[in-house]
Structures are given as C-alpha cells and as structure tokens.
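Contents: one structure, followed by commentary.
The values are calculated or read from the model by the stated rules, or taken from the named source; none is laboratory data. Computed from a predicted model, the values in this text were never measured in an experiment. No Cβ is skipped: glycine too gets one built from the backbone with ideal geometry, and neighbour counts run over all protein chains shown.
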Amino acid sequence: MPVEKIESVGSGSRSGDSITRVYMCDLDDAAALWQEYKHNAQYVEEGGYFNRDRSSITPGECFATARLVFTETPTVSSAGSGGGSHEDGDTEYNFITSTTEIPLEKHPQYRTFWNHELTAIKGVTAIPAWAYTATDTIIPVADMFTYQWIALGERPPEGWFSIMAPPEEWRGVLGKLYPQPVLVVTKYYRDRANAVARLTAVGMLKSPPWSGPYESEAKYWLVTNSTVSTSGRYWVHVEEYTYADTGWNETLYSEGGQEA
C-alpha cells in the first residue's frame, strides 16, 4: 500500500530541536522508507539531520508505524566495541577548544604605544598627537630628530629620555590569546576506497559539512588534518578543520578538495 504521511500530536510533531515524521504503511514500505535516510546526513525539507537512534519501526496487525526523527543539528553516532553499532556513512561532529597566542601588533585596534616607549631629545616637553594613533615605529619626517620609538626594556640613547610610556593596563602584555576552534569530522565506511576518496590535501581551504555557530564559507576553515584508519570492521576518515574568525589568508591558502 502507498505510504501515508501523517503528523503526530502537536501540529508538526516539533519538540525542542527535533521534528518527528510518522508514516503508517506496510512493513516492507516502512523498511524501504528507513533505507532512504542515512544517520546524521542533512535533509533540509524533512527538518534537519536524520537521527536513527531516536527513530523506530513498529510492526502492527494491519500496518507498521515508522517514526523518523530529524534534529536541528547532527548527533554523535553511538559506538559499540569494534564500531559494531555504526553504519556505512555514519558521521560524528566534535569541536575541540583551541587557542594560539598572537602578538599585539595583530590586534585590529593596535597602537604602537601599547608596547613601545616614545623617547624625545632633552628639552622637549610635548607629546605629539600622532603618537596616540601610530601603528608602527616610523617617525614622521618632520620629527625624526626629535622623537624615536624604543622597545620596552631598552635604554634611551644618550641625551634622550622617555616622554611617553605604555599605560598601566598594557605593561607586561606581549600578546593575546586567539581562539581557534577545531571541528573534527569522523565518517565511517565499510569500503576502503570510499574512505580514501574523502582524503583532502592538508593546508587547503574547505567549507565543512556542518559549521555549528561559526561562519560556513571555505575562507574561514583550513583543513589541518585528513587521515584514513581502521576501527573494527570499518574504515574511518577523520578530517579536522581549524577556524579563523577573520578568515585565512587566501593568497597563502587556496580552496580545494571535494565537497564533504
């Protein structure tokens, strides 16, 4: 008999971040319907990512009931010993917290006086206006013989003195911690060729299959790991994407690799 799609109680069967589609049909039709979807693959029209672990098929005397649950975000596959509960194509998404330290000069509002002292020849009493907006140590030509920037800890030349020191809040600050989330995408395959086909050259810009709360365009994501290994009876492809909120340098890194 043809599959009949109905809504469960609650007008759309929406609960939190999930939508449940309920079908009443022959058992064979229910099984065929189930096979149309892969766990953690995105199906926008159906409501999101298919969650096999929360879905079910219940046989009945006259018909079977298939409940297919779709969630707003992908769910992590459940894994038994040797990967026994995985299915071909199962995908896991995990974020790793990562930070790197960058110099103050990379801060978008950086000013030279944050980590330099302005020195002046003795007898000078005024701090020039450009000293508060300078972003490098180049002195305007008109003041080259009156002022000079020196790094913290350096002694002013003989006959010179420090006329402008970093504010208290910047003293001792050498850089800032810069967040770089890493998205780890793990996908399981029964066939080695299918897993190997997913390998991507490391150091390429590539849009991940899911970006969570971050921007999704390729320019924000750099592939920093792409490997294939075995887990039980499965071949496992692991791909890591490192995020930069200002985007990676597209002159240094180019886009490449097939779509995930």
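Conditions (1) under 22 Å from residue 104 (Cβ atoms); (2) surrounded by 13 or more Cβ atoms within 10 Å (Cβ to Cβ), marked per residue:
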residue: 179; (1), (2): yes, no
residue: 214; (1), (2): no, yes
residue: 224; (1), (2): no, yes
residue: 235; (1), (2): no, yes
residue: 244; (1), (2): yes, yes
- line: For segment 201-212 the number of residues that are surrounded by 17 or more Cβ atoms within 10 Å (Cβ to Cβ) and more than 17 Å from the chain's Cα centre (by Cα) is 0
task: Could you run through segment 181-200 and say how many residues are without any contact (Cβ under 8 Å) to a residue 12 or more places away in the chain and surrounded by 13 or more Cβ atoms within 10 Å (Cβ to Cβ)?
output: 0
- line: Given (1) touching a Ser or Thr at 6+ places or on another chain (Cβ under 7 Å); (2) part of a strand (DSSP E or B), residue 184 misses just (1)
field: Inter-residue pairs, beta-carbon under 7 Å, first of a type in the set (Gly, Ala, Ser) and in segment 95-123, second at pLDDT 85 or above, 6+ apart
entry: 98/180; 98/181; 98/182; 120/146; 120/147; 120/160; 120/161; 120/163
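Considering 241, 214, which residue is at pLDDT 90 or above and in a loop (DSSP other than H, G, I, E, B)? Reasoning before the result, please.
Details: 241 fails: in a loop (DSSP other than H, G, I, E, B).
Going through 241, 214 in turn, just one is at pLDDT 90 or above and in a loop (DSSP other than H, G, I, E, B): 214.
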- line: When residue 71 is run through (1) modelled with pLDDT under 85; (2) under 26 Å from the mean Cα position of the chain (by Cα); (3) surrounded by 13 or more Cβ atoms within 10 Å (Cβ to Cβ), the failure sits at (1)
- prompt: In segment 228-245, what residues are in contact (Cβ under 8 Å) with a residue 24 or more places away in the chain and more than 11 Å from the chain's Cα centre (by Cα)?
  reply: 228, 231, 232, 233, 234, 235, 236, 237, 238, 239
